Each structure stands twice: as structure tokens, then as C-alpha cells.
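The values are calculated or read from the model by the stated rules, or taken from the named source; none is laboratory data. Remember, predicted model here, so these are calculated numbers, not experimental data. For neighbour counting, all protein chains shown are included, and Cβ atoms are generated from backbone atoms with ideal geometry for every residue, glycine included.
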């Protein structure tokens, strides 16, 4: 939350010539309800199930740059599929709150355990990440450029030559 996933994701998709999707926006479009309303009416477990289904469908479709919500990093397909590059946009807790503080559309902001949740998720993000990129104090265009440059150097996980970012 507040790392710049949507902004950087759009810029990266443009650089790579790929479509872009934000999982939360896709969920809202398909359900006809904002995420905060799904949380309020159905609860977080129902939202997570919907999120899992949506992400799985997007990952099984055409190649794209996909911005995931903060809780989506625990999806098993992300960690298990060597053809998926998972980019962790690192943002400090204070920086994240500065960027999103006061946004009523973010149901996770009202959690009393938000600082602890932030810390727990950092280790999950690092565990599934193919690439980690710091975002604090950096412009989205620079971040997207850095990611695009790094993706062409990401080594294959099967012992073969490094893959291009467009290779499955």
C-alpha cells in the first residue's frame, strides 16, 4: 500500500509494450463494488477468495504487468511459477502512510494492527520477489526504468540462459 504499484506498473507496461491491470480495479469492475464495500459487506476472507480467483485468471491469460493488492503476495501461484517475475516495490511504513493516509477507500488503513501487518508482509514480499526495488523518495519514471533494465538481467531459474522479461 502506497508503494506506487499502479503508477509504476502502468509506466512499466508501457515500456515493455504489455497491457497493464490492477487486481483491485479488476475486482471492482467485475463485482460492481469498490473493495472497501466488499470488505464491509462480505468480510476480508470473502474478498481474499475473490482476489485469488481474479489473480489466477489474470495470470492464466495473456502476458501483462499486474499490480497486486498488499495481501495477494501469499498466492501460491506467485511463489511457485518460475515464469512470473514478482517485483517488490519496497516502501517505508512512514512513507506509505504519507502517500495513502486519509484515503477512505483503503479498508486496511483502519486495522489496529497495521504496523505489525506491514512488518509481517515485508518478509512475505521478499520471499516471493524476483526483484526488490526501493521506492522511497524516488520518481515513478525512474523506478519503472530501473525495473525494465533489471528484468532483462533476471536469470532463468532452470539453469538456462537469462530470460528476457517477455519470455514465459
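Quick notes
- Looking across segment 109-128, just one residue is at pLDDT below 75, part of a helix (DSSP H, G or I) and either more than 13 Å from residue 93 (Cβ to Cβ) or touching a strand residue (DSSP E or B) at 6+ places or on another chain (Cβ under 7 Å) (or both), and that is 110.
- As a summary of the residue check, residue 132 satisfies the conditions (1) outside any loop (DSSP other than H, G, I, E, B); (2) surrounded by fewer than 17 Cβ atoms within 10 Å (Cβ to Cβ); (3) at pLDDT below 85 except for the one numbered (3).
- Residue in segment 33-45 that is under 28 Å from residue 134 (Cβ atoms) and either modelled with pLDDT under 85 or in contact with a helix residue (DSSP H, G or I) (Cβ under 7 Å, 6 or more places away or on another chain) (or both) present: yes
- Where helices (runs of 4 or more DSSP H) fall wholly inside segment 1-69, the ranges with 1 or more residues that are free of Cβ contacts under 8 Å to residues at least 60 places away in the same chain and under 13 Å from the mean Cα position of the chain (by Cα) are 5-16, 23-31, 44-59.
- Answer residue from segment 71-89, given it is modelled with pLDDT of 65 or more and farther than 20 Å from residue 13 by Cβ and is surrounded by the fewest Cβ atoms within 10 Å (Cβ to Cβ) among those: 82
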